[in-house]
Amino acid sequence: MVPPLKYEELHFVDTTRPVWNYSLFSDEDISNYQQGTNYSLYELFGSHAITVLEQPGYYFAVWAPNATYVSVIGNFNHWDTESHPLTVRLDNSGIWEGFIPGMAKGEVYKYHIHGYKGRRLDKGDPYANFWERRPQTASITWNLDYEWKDSEWMENRAAHNATDAPWSVYEMHLASWMRPHPNDEESYNTYDQIRERLVPYLLEMQFTHVEFMPVMEHPFDGSWGYQGTGYFAPTSRFGDPQAFMELINALHQAGIGVILDWVPSHFPYDAHGLFMFDGNHTYEYADMRKGFHPDWNSYIFNYKRGEIKSFLISSARFWFDLFHIDGIRVDAVSSVIKLNYSRTHGQWEPNEFGGDGNIEAIAFIRDLNETIYRDFPDVQTIAEEATDWPGVSRPTYADGLGFGMKWMMGWMHDTLDYFHMDPLFRSHYQDKFAFSMMYYYDENFMLPLSHDEVVHGKSPMLYKMPGDEWQKHANLRTLYTYMFTHPGGKLLFMGNEFGATEEWNYKSELQWYLLQYEPHSKLKDCVRDLNKLLRSEPALYEYQFSEKGFEWIDLNHRDECVVAYRRKGKLPENDILVILNLTPEVRRDWKLYAKGKKSWKEVYNSDDKKYWGTGDVFNPEINTILVDKNQLLYEINVHLPALGAVVLR
């Protein structure tokens, strides 16, 4: 650590607050940073309130290896680029640092940089914990002091977040879930107002977890948070960091886990952000075949640099360490690990072995997951990965990427294609419906019906369904029943639970007014009860990632479009049967055959009147006949509602 100058050498003048030569870094910190193994950088970089020689103030540290001059500018010095210069370390680390005595909490600031080839830039702090509300772009000196009250959750969350626990995730965009003025893009609820409304709603709906689309600071609303500039700061659109902590704290006290979308794949070219940070390609690859993302007009992190790897994994750890989150959903993993992602021949260069994998990016992902599970063994990392890359949710010691779960994109596409089809033609496509179980055990899958499926002309979930209004709702209830009883975690985007009739629009709020109409309010009740069913039936989650947990009972009635399967838990008496009738024809006295249990009871029927079904086809008593004593095989007789699902226990 560089020792501070003696007080008598500083000639301190309180009105100008010169910069003191001071450092928080040890030689080991620098070595690990450069090697890509320093994962607590948020304790060193950025701005930190400290006291030096009995003088309170803020210490600043920024990495700008191509800079020849860096100073701190802000309202406090009238944006004077010369009054508060930082000192570059003499170890060739490229780190500029210094302590400004008297600097107060809440001051806006940027770094003024003389960069590569003399370029002059004003940049926000990559490690800032708080930013001005957009469209302003300065960072703000802050602290993250907060008295957490979620000790009970933290002590017991391992069971809640385990892979043999129920996972029902409510995906939401904080700005557009509810707004003070429903159609005003510029109106936001505060974190406190969101907390007051969201926690009771999630409790009512019985979701186990909530997933926030990226809350990290970002300049453009239309990016939905996926093009960020602040990897260590919750967005100031809704309040300060402590207010976001209070939201997470309240969710934990209500028994609800919190997952954050996290985006290590790319960043935007905003002038105050990471792009060309010191006048050169510092955070991004210099070779645009690797460094530019053609789909999103953004820039890709240089995963080969140890400093970038340290930066990104520190960002992930930051949210677990200081914000108590329970998981991250890592966005666009395919674009991280594949050199040819969205690129045609000639637009990418194979790796040294001739393959399409980005070797250093794969190493980064593996180190990310090893680090998170080492330091926070009671959480989950979840991959949004859309290819057939093997072992995404397998341990790194088994040559996997090390995630806890992976979004099951194939299930989503096949299921929506099937349910979109006119029931008259579904008999020809049963293989598409059943195909998911052919590859299900390759990964720990989460079934996503996410925001991506209700934007850009794809239509809302309700209008993906065929038929008249009643049939659309019946189809959707059956689809949701299939989802909640299929093995794996579940994820449902906000608005899907009550049948939104418009695509999601980030500029307005959800169509909450629809809940005054029975079909929508009762669809919401149906989703609530499916969440209750998931939580109450161990067979639906104890073996959700194991071959022990699922068995096809009937795939032999293709023409009638009736399928049946068994979900199995650790105790055979907890087994359940799920029967789906995927045509609009009622089928009474339907026979299916299952072993081991003589007595069955209907515990859920998607055609119930309380869900806006007919209520005409149900099973108050279920007759069974022993047909093979040696195998304990029983014939089970049930009535199946049109476009309906029945669950027996």
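Each value in this text was obtained by applying a stated rule to the coordinates, not by laboratory testing. Remember, it's a predicted structure, so these values are computed and weren't measured experimentally. Cβ sites come from the backbone with ideal geometry, for glycine too, and all protein chains shown count toward neighbours.
Taking the longest Cα principal axis of the chain as reference, the axis of helix 469-485 is set at about 70 degrees.
The mean sequence distance of close C-alpha pairs (under 8 Å, at least 6 residues apart), as a share of the length of segment 7-140, puts its relative contact order at 25 percent.
The gain in end-to-end length when the Gln516 to Asp145 segment is fully stretched comes to 129.3 nm, 0.36 nm per residue minus the alpha carbon separation. At a Förster distance of 25 Å, what's the computed FRET efficiency of Tyr441 paired with Arg535, Cβ-Cβ distance as r, to 0.05? The value I calculate is 0.55.
DSSP bridge analysis restricted to the chain gives an antiparallel fraction near 70%, rounded to the nearest 5.
In terms of the Cα gyration tensor, with a ≥ b ≥ c the square roots of its eigenvalues, is segment 422-491 rounded because a/c is under 1.5, prolate because a/b exceeds b/c, or oblate? Judged from the Cα gyration tensor, segment 422-491 comes out oblate (a/c at least 1.5, b/c at or above a/b).
Label segment 319-452 by shape, choosing from rounded, prolate and oblate, from the square roots a ≥ b ≥ c of the eigenvalues of the Cα gyration tensor; if a/c is under 1.5 it is rounded, and otherwise prolate applies when a/b is larger than b/c, oblate when it is not. It comes out oblate by the Cα gyration axes. For helix 151-160, report the angle its Cα long axis makes with the longest principal axis of the Cα atoms of the chain; keep it between 0 and 90° and round to the nearest 10°. On a 0 to 90 degree scale, this one is about 50.
For segment 64-138, a simple Cβ point-charge model (Lys and Arg +1, Asp and Glu -1, everything else neutral) yields a dipole of about 280 debye relative to the Cα centre. Between segment 379-400 and segment 410-460, what is the C-alpha centre distance in whole Å? Cα centres, segment 379-400 to segment 410-460: 21 Å.
Amide H contacts for Ser298 (H built 1.01 Å from N in the peptide plane; partners 5 or more residues away or on another chain; cut-off under 5 Å): His293.
Between amide H atoms placed 1.01 Å from N, distances below 5 Å from Ile553 occur with Ala564, Tyr565, Arg566, all of them 5 or more places distant or on a separate chain. Please work out whether segment 7-140 counts as rounded, prolate or oblate from its C-alpha gyration tensor, where a ≥ b ≥ c are the square roots of the eigenvalues and a/c under 1.5 means rounded, while otherwise a/b larger than b/c means prolate and anything else oblate? In terms of gyration-tensor shape, rounded.
Can you tell me what share of the DSSP beta bridges in segment 164-540 is antiparallel? A percent to the nearest 5 is fine. Display every interim value, and only then the final one.
Values: 7 of 35 bridges.
Percentage antiparallel, nearest 5: 20.
Given the pairs Lys598/Lys629; Lys432/Lys597; Lys490/Lys532; Lys472/Lys548, which span a C-alpha to C-alpha distance of over 22 angstrom in this model? Flagged as over cut-off: Lys432/Lys597; Lys472/Lys548.
Taking 8 Å as the Cα distance limit and 6 or more residues as the minimum spacing, I'd like the relative contact order of the chain as a percentage.
Values: 1416 pairs, mean separation 68.4, N = 649.
Dividing the mean separation by the residue count of the chain yields 11 percent.
Our summary gives segment 164-540 a relative contact order of 17 percent, counting only alpha carbon pairs under 8 angstrom and 6 or more residues apart.
Any idea what the alpha-carbon Rg over 2.2 N^0.38 Å comes to for segment 542-617? Provide the component values of the computation, followed by the final result.
Working: Rg = 13.8 Å, N = 76, 2.2 N^0.38 = 11.4 Å.
Cα-based Rg divided by the globular estimate yields 1.21.
Calculation over all alpha carbon pairs of the chain in 20 angstrom steps from 0 returns a P(r) of 18, 47, 26, 8, 1 percent.
One chain, two ends: Phe220 and Glu204. Fully extended at 0.36 nm per residue, the span grows by 2.5 nm beyond their Cα-Cα distance.
What does the extension gain come out to for Met421 and Tyr269, with contour length at 0.36 nm per residue minus their alpha carbon separation? Don't skip to the answer; put the middle values down first.
On the way: separation 152, 0.36 × 152 = 54.72 nm, distance 4.21 nm.
Full extension of this stretch gives 50.5 nm more.
Residues Trp504, Trp470, Trp224 in ascending order of nearby Cβ atoms (within 10 Å, fewest first): Trp470, Trp224, Trp504. Each residue of segment 616-631 is assigned a 3J(HN,Hα), and the resulting list reads 8, 10, 8, 9, x, 9, 10, 8, 10, 10, 6, 10, 8, 5, 5, 9 Hz, derived from the Karplus form 6.51 cos²θ - 1.76 cosθ + 1.60 (θ = phi - 60°), x at Gly and Pro.
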